[in-house]
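Report on one structure; see the data block that follows.
The values are calculated or read from the model by the stated rules, or taken from the named source; none is laboratory data. Keep in mind that what you see is a predicted model, and the values were worked out from it rather than measured. No Cβ is skipped: glycine too gets one built from the backbone with ideal geometry, and neighbour counts run over all protein chains shown.
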Amino acid sequence: MRDPSKMTESRPARGPRATDLTRAAGGAPTLHELSSATDAPDTPSPPTDNPAAGMPPAHWAAEDGSAQLWLGDQAEIFKRLADESVDCIWTDPPYFLSNDGSTCRSGRRDSVNKGAWDRSRGQVADDAFTEAWLTECRRVLKPHGSIWVSGTLHGYLLVGGWLQRLGFRLLNDIIWEKPNPPPNLGCRCFTHATEIVFWAVKPDARGQTRHVFHYAAMRTANGGRQMKNVWRLLTAGAGERRHGRHPTQKPLALVERALLASTDPGALVLDPFVGSGTTGVAAIATGRRFIGIEQDPGYAAIAGLRLAEAVGARDAGTPEPPAVAAAPTAVRATRPRKRKTP
Ligand SMILES: C[S@@+](CC[C@H](N)C(=O)[O-])C[C@H]1O[C@@H](n2cnc3c(N)ncnc32)[C@H](O)[C@@H]1O
């Protein structure tokens, strides 16, 4: 196996291009990428073109177009997004775990139900839903782009299967370990204290993958040792929930670490299941750009407030410090050609 610590720091990863996000085939409506071309990944240029061209009005958008949120069904909004137009996807789809069971919340028995959006519609329908949105993710993701998908036992088997069948290259299963899980009230199985976040990459037309991995930054952030795929992080605290409650809100630190590891500054990040907007806030706080989709007006309102606050802090030069420091250069990790078998 190739020792990652011996990987050479290759040329800096390519910065965002002023790519036209118009769908190549079919002449469907357009969405233009936000940034102008740059080869300097650490000095992202401000966006120059109109990202909302051809799209229905955004529910919320930053004045400079660096972050936008659409209210609606992801299946419909996806149709407006051009092939190979986003650098990274970080998303947290429905878990299908709202099965009328109970959990413990703040020391009290409570329903596990999150909402109608989280109900299983049966194995066949859940499978078709997962195939459909992951197929769209693959279409809009640039070659070598990263996709991160979080989930619990109820949904990650489906997601993992479709990531493989759709030809993504799986890089890691990040185990997010929660030090503060709710107790298991039934006492008939172990307390659920983890979620899985798959990290996969889209190969190019020749089946090659040269994804961004800020290896050195992750090692530095881990006290000089290689960072493991077990990330022990608290769930989102009251501060992160100050604009309203979402039942499955992810902690900012989880998403920030993933974006800092797998994208360059200025990268365009998509989340088709926005919820309270954690992916967008993490993207803005780390100097990336964001487009997101949420179908629930209440959650979209919370996300809009959080995004506006993050953009305000960024523009005032007082963004919340990300959980992991950004690296000056990227390592382009390539699959080793030959492997010695022991
Ligand atoms: C698991 S939650 C995401 C939580 C988010 N990661 C956060 O930190 O707040 C999934 C979200 O997807 C939304 N959703 C479900 N189906 C959708 C669809 N077809 N189109 C758009 N949004 C959808 C739900 O309303 C819910 O807010």
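For segment 227-265, give me each residue that is over 15 Å from the mean Cα position of the chain (by Cα), of a type in the set (Gly, Ala, Ser) and either under 28 Å from GLU84 (Cα atoms) or outside any loop (DSSP other than H, G, I, E, B) (or both).
Scanning segment 227-265 gives ALA238, GLY239.
Between GLY280, GLY317, which is crowded, with 24+ Cβ neighbours inside 10 Å and either part of a helix (DSSP H, G or I) or free of Cβ contacts under 8 Å to residues at least 40 places away in the same chain (or both)?
Only one candidate qualifies: GLY280.
For the list (1) surrounded by fewer than 16 Cβ atoms within 10 Å (Cβ to Cβ); (2) not in a loop (DSSP other than H, G, I, E, B), I need the number of the one condition that LEU163 fails.
(1)
Scan segment 154-192 for residues that are small (Gly, Ala, Ser) and either in contact with a Cys (Cβ under 8 Å, 6 or more places away or on another chain) or at pLDDT 95 or above (or both) and jot them down.
Across segment 154-192, the qualifying residues are GLY160, GLY161, GLY167.
Test PHE290 against the stated conditions and say whether it is more than 9 Å from the ligand (Cβ to nearest atom) and at pLDDT 95 or above.
Yes; evaluated as a whole, the condition is true for this residue.
Among the residues of segment 196-232, how many are buried (at least 19 other Cβ atoms within 10 Å of the Cβ), more than 15 Å from LEU141 (Cβ to Cβ) and out of contact with any Leu (no Cβ under 9 Å at 6 or more places or on another chain)?
Looking only at that region, the number is 1.
Which one of the conditions (1) within 12 Å of the ligand (Cβ to nearest atom); (2) more than 19 Å from PHE198 (Cα to Cα); (3) of a type in the set (Phe, Trp, Tyr); (4) touching a helix residue (DSSP H, G or I) at 6+ places or on another chain (Cβ under 7 Å) does TYR299 fail to meet, given that it meets all the rest?
The failed condition is (4).
Could you list, ordered by first residue, the pairs with Cβ atoms under 6 Å in which the first is in segment 72-87 and in a helix (DSSP H, G or I) and the second is among the charged types (D, E, K, R) and within 13 Å of the ligand (Cβ to nearest atom), at least 6 apart or interchain?
From residues that are in a helix (DSSP H, G or I), the pairs are PHE78/GLU136.
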